[in-house]
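Worksheet for the structure shown next.
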Amino acid sequence: MTPATFWRWRRVRRDLARRAALSGRLMGKPRHPVLVGLERGARGRCPHCGQGRLFRAYLKIIPICPVCGHDNGQYPAADSPPYFTILIVGHLVVVPMLAFRFILIWPAGVLLAIVLPVVATLTLTLLPIVKGAVVGVLWALGRPTDS
Ligand SMILES: [Zn+2]
């Protein structure tokens with residue numbers, strides 16, 4: 001190994017170490033297991049203790065867990081639950097329509113009478129589950145509201 005190669009190799013290695021350290025600092029390590037938070041939130045339970053209820057109404061989060069006192073109101077789910085719900089429902093509805101193309105030759109009224117209730121039911125059923133899961137993941141990642 002020539003000295004020039006050695007120094008170039010050493011510089012590349014130092015840059016990679018800096019990038020790894022920087023990405024670790026920026027991304028952060030999850031504070032808690034992500035799957036645990038996701039599962040607890042999807043069940044509508046406090047992601048911190050898994051016992052207390054997460055919602056007091058359809059989508060209204062109880063800010064302070066009645067069991068453990070954890071501040072669940074600090075996690076900004078924002079627009080991600082509707083986004084993921086639409087993504088899931090879209091795949092559940094569009095894929096069968098593409099796979100079974102005879103559905104598309106049905107009269108529009110019949111198609112809408114079947115598809116619209118299915119889409120509405122799936123969306124309204126999945127939305128609180130997905131919102132809970134998002135809050136659970138945010139709990140695991142430790143994302144406060146004002147960062
Ligand atoms: Zn709790």
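Quick note: the coordinates plus some simple rules give every number you see, no bench work behind them. Everything quoted here is computed from the prediction, not taken from an experiment. Virtual Cβ from ideal backbone geometry, glycine too; neighbours counted across all protein chains shown.
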With DSSP loop assignment and no more than 16 other C-beta atoms within 10 Å, the trypsin sites (Lys or Arg not before Pro) in region 38-79 are ARG43, ARG56, LYS60
³J(HN,Hα) computed for each position of region 112-117 - Karplus, 6.51 cos²θ - 1.76 cosθ + 1.60, integer Hz, glycine/proline x = 5, 5, 8, 6, 4, x
Figure the gain on full extension for VAL67 and VAL12 (residue separation times 0.36 nm, minus the Cα-Cα span) and round it to one decimal in nm.
-> 14.7 nm
Whose amide H sits under 5 Å from the amide H of ARG45, counting only residues 5 or more places off or on another chain, with H placed in the peptide plane?
-> LEU54
DSSP-loop chymotrypsin sites (Phe, Trp or Tyr not before Pro) across region 69-126, with at most 15 other Cβ within 10 angstrom | PHE100
Which whole-Hz couplings ³J(HN,Hα) result when phi for each residue of region 101-111 is put into the Karplus expression 6.51 cos²θ - 1.76 cosθ + 1.60, θ = phi - 60°, listed in order with x for Gly and Pro?
-> 5, 5, 4, 6, 8, 5, x, 4, x, 5, 4
Let me see the pair-distance distribution of the chain: every alpha carbon pair, 5 Å bin width, integer percents in order.
-> 2, 9, 13, 15, 11, 9, 8, 8, 7, 6, 5, 3, 2, 1, 0, 0
Using the number of other C-beta atoms within 10 angstrom as an exposure proxy, rank LYS131, LYS29 with the fewest first.
-> LYS29, LYS131
